[in-house]
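Inspection log for the structure reproduced underneath, given as structure tokens.
The values are calculated or read from the model by the stated rules, or taken from the named source; none is laboratory data. Here the structure is a predicted model, which is why all the values come from computation and not from measurement. Cβ sites come from the backbone with ideal geometry, for glycine too, and all protein chains shown count toward neighbours. Just so you know, the surface numbers come from the protein's heavy atoms only, side chains and all, with ligands and any DNA or RNA stripped out. Shrake-Rupley method; radii C 1.70, N 1.55, O 1.52, S 1.80 Å.
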Amino acid sequence: DKLWQHRLHKSKVTHVEFNPGCDWLMVTASTDKTVKLWDIRMVEGRGSALYTLEHHHIINSAYFSSNDHCKLLTTDQHHDIRVYNGPDWGRLDTVIYHPHRFFRYLSPFKASWHPLYDLAVVGRYPDNKSPHHQPGETNTIDILNINTGETVCQLWDRGAPGIKPLNRFSPGGDALMSGMGCHILIWQRKEVLQEKQEKLMEKMRGEVSAHLDTPGVARRPRPRPPPGKMAAKIKKKLQDL
């Protein structure tokens, strides 16, 4: 059943999410350059927001932190990633400069949380017109310390050089999924991949061994051609030389 229907922003809503630790707290982001927090029990229209967070550009996303649900991570369509702290959600804690500008043929960039630590992951779209631009920048996936704004890790693969605007960690934080054009990329530590490959090979060897040990199952010898036919084939090969 529909509980209510209200116009909460002046223009298009780009993101809606409930706080995992507070079932009545909802956040919305919009192309009107605002992020709003709501008590869904008391929504009566645009003016009933608990907090309105003004930004300089259109907002792509606003995610509550996965580990403690007490932080809010916003991404705009230009170069700002912001972190707000609850329960006073109007308090801006960190602003991180990061190049991820809008381009009409790209999905909007959305920084998202690591499930266990105060880290955020976001794709990079270098802007050579920016005063912060560094020569040699590539389309990396950046992992940021949201407390300091420092880039602690960058992922890049020469086999996947495209721009990756969407990135999300697995629930355990040991794998990362990225969207690049029409492709989905999965990133894991080499140790994890090696362990999975070894388990897969062990399973395959066990299945082959079980198949060969099954009564009535035997390897069939490959039929050999008649001696005259074999001699003719060899003679033809020698003539071709």
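Brief remarks on what is shown
- Those residues of segment 133-152 which are open to solvent by 50 Å² or more (accessible area, probe 1.4 Å) and in contact with a strand residue (DSSP E or B) (Cβ under 9 Å, 6 or more places away or on another chain), in sequence order: 138, 147, 148, 150, 151, 152
- Selection from segment 157-172 of residues that are in a loop (DSSP other than H, G, I, E, B) and open to solvent by 40 Å² or more (accessible area, probe 1.4 Å): 158, 159, 161, 171, 172
So that you can scan it fast, the table gives a plain yes or no per residue for (1) open to solvent by less than 10 Å² (accessible area, probe 1.4 Å); (2) touching a residue at least 60 places away in the same chain (Cβ under 8 Å):
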{"site": "81", "(1), (2)": "yes, yes"}
{"site": "94", "(1), (2)": "no, no"}
{"site": "105", "(1), (2)": "no, no"}
{"site": "108", "(1), (2)": "no, yes"}
{"site": "116", "(1), (2)": "no, no"}
{"site": "119", "(1), (2)": "no, no"}
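- Within this structure, residue 160 fails the test of being among the hydrophobic types (A, V, I, L, M, F, W, C) and modelled with pLDDT of 95 or more.
- Only a single item in (1) assigned to a helix (DSSP H, G or I); (2) in contact with a strand residue (DSSP E or B) (Cβ under 8 Å, 6 or more places away or on another chain) is not met by residue 47, and it is number (2).
- Filter result for residue 143 (closer than 25 Å to residue 17 by Cα, of a type in the set (A, V, I, L, M) and touching a Cys at 6+ places or on another chain (Cβ under 6 Å)): yes
- Within segment 51-71, if we keep just the residues that are touching an Asp or Glu at 6+ places or on another chain (Cβ under 9 Å) and assigned to a strand (DSSP E or B), the residue that is most open to solvent (accessible area, probe 1.4 Å) turns out to be 51.
- Scanning segment 80-132 for residues being in contact with an Asp or Glu (Cβ under 7 Å, 6 or more places away or on another chain) and of a type in the set (D, E, K, R) gives a total of 2.
- Selection status of residue 101, open to solvent by 40 Å² or more (accessible area, probe 1.4 Å) and either over 21 Å from residue 142 (Cβ atoms) or not basic (Lys, Arg) (or both): no
- One residue from 228, 172, 216 being at pLDDT 70 or above, out of contact with any Asp or Glu (no Cβ under 7 Å at 6 or more places or on another chain) and small (Gly, Ala, Ser): 172
- Cβ-Cβ contacts under 8 Å between residues 6 or more apart (or on different chains), taken from a first residue in segment 1-21 that is outside any strand (DSSP E or B) to a second residue that is open to solvent by 100 Å² or more (accessible area, probe 1.4 Å) and of a type outside the set (Asp, Glu), are listed as 6/46; 7/46; 8/46; 9/46; 10/46.
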